[in-house]
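First comes the structure, then the notes that go with it.
The values are calculated or read from the model by the stated rules, or taken from the named source; none is laboratory data. The shown structure was predicted, so the numbers you read here are calculated from the model rather than taken from an experiment. Positions of Cβ are generated from backbone atoms using ideal geometry, with glycine treated the same way; all protein chains shown enter the neighbour counts. We work out accessible area using only protein heavy atoms, side chains counted, and drop any ligands, DNA or RNA first. Shrake-Rupley method; radii C 1.70, N 1.55, O 1.52, S 1.80 Å.
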Amino acid sequence: MLKLENICKTYNIGTVNESTLFTNFNLEVKKGEFISVIGSNGSGKTSMLNMICGSIPIDSGRIMVQGQDITRMKEHQRSKFIGRVFQDPAKGTCPSMNILQNMAMADNKGKPFNLTGGINKKRISFYQEQLSRLGLGLEDKLYVKVGALSGGQRQAMALLMSTMTPLDFLILDEHTAALDPKTSEIIMELTDEIVREKQLTTLMVTHNLRHAVTYGNRMIMMHQGGIVLDYEGDKKKNTNVEDVMGIFNSISVECGN
């Protein structure tokens with residue numbers, strides 16, 4: 001479904017800070033997979049997501065989606081079939097708009113802008129129904145500005161909004177990292193519920209090893225622009241945090257840390 005083929009990427013070309021991150025990097029993601037992506041800082045996790053979403057260009061190689069080459073496709077064009085939730089809860093919602101306006105904006109993603117009202121009143125009950133599943137009481141606060149909500153409430157909304165329209169991929173970029181432990185668990189449970197219900201092909205970058213082991217049906221570990229671990233099926237099910245931590249530590253020793 002998604003293929004990264006022979007991807008090469010060098011940052012700051014021609015400067016003293018020139019750094020090659022990816023050299024002939026390859027990854028294939030099958031339809032319906034929920035992949036946890038782990039790795040140390042600088043391993044290439046977020047850069048990989050940015051390349052898939054079109055936030056940064058690649059130097060060479062191809063990005064294929066369902067057989068179509070999207071390598072040169074603009075970021076806003078890819079957003080029609082890729083949903084993304086960022087680490088910062090503020091990036092997935094508009095703080096100056098109220099909850100109802102945010103929901104309507106997400107509901108209209110990819111649709112043409114005409115001279116009509118931004119909010120379809122017939123959809124309000126649907127928005128309330130969707131918000132109620134969060135268990136945060138937001139369905140009764142439709143006219144509250146999103147900027148007044150807590151980080152966890154905004155992240156829950158961002159997750160809901162990113163999956164309101166049909167998607168080929170859901171990209172989760174450390175989407176629980178800025179939350180407290182309790183809220184982080186709530187968001188992960190909600191994530192798992194939505195991914196299963198909508199059968200979304202999902203890539204989740206996380207530093208939380210327990211989340212990486214617990215959720216999804218495949219797990220990869222990245223290091224210096226490459227994949228050093230790729231577990232799926234029973235192998236992933238039988239892996240625990242201690243196993244993954246051991247691999248992390250061995251890599252750290254090899255790097256002289």
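Which of the residues belonging to the range 3-29 are out of contact with any Phe, Trp or Tyr (no Cβ under 7 Å at 6 or more places or on another chain) and in contact (Cβ under 8 Å) with a residue 60 or more places away in the chain? 3, 20, 22, 23, 25, 27, 29 - these are the residues of the range 3-29 that are out of contact with any Phe, Trp or Tyr (no Cβ under 7 Å at 6 or more places or on another chain) and in contact (Cβ under 8 Å) with a residue 60 or more places away in the chain.
Residues in the range 32-68 that are in a helix (DSSP H, G or I), in contact with a Phe, Trp or Tyr (Cβ under 9 Å, 6 or more places away or on another chain) and open to solvent by 20 Å² or more (accessible area, probe 1.4 Å): 47 alone. Going residue by residue through the range 169-181, is there one that turns out to be more than 30 Å from residue 20 (Cβ to Cβ), of a type in the set (Ser, Thr, Tyr), open to solvent by 60 Å² or more (accessible area, probe 1.4 Å) and outside any strand (DSSP E or B)? No - not one qualifying residue is present in the range 169-181.
Of the residues making up the range 198-254, those that are part of a strand (DSSP E or B) and open to solvent by less than 30 Å² (accessible area, probe 1.4 Å) are 201, 202, 203, 204, 205, 218, 219, 220, 221, 222, 226, 229. Annotation: residue 186 fulfils all but one of (1) touching a strand residue (DSSP E or B) at 6+ places or on another chain (Cβ under 8 Å); (2) not in a loop (DSSP other than H, G, I, E, B); the unmet one is (1). Candidates are the residues of the range 135-149 that are open to solvent by 70 Å² or more (accessible area, probe 1.4 Å) and not in a loop (DSSP other than H, G, I, E, B); the one that is nearest to residue 125 (Cα to Cα) is 140.
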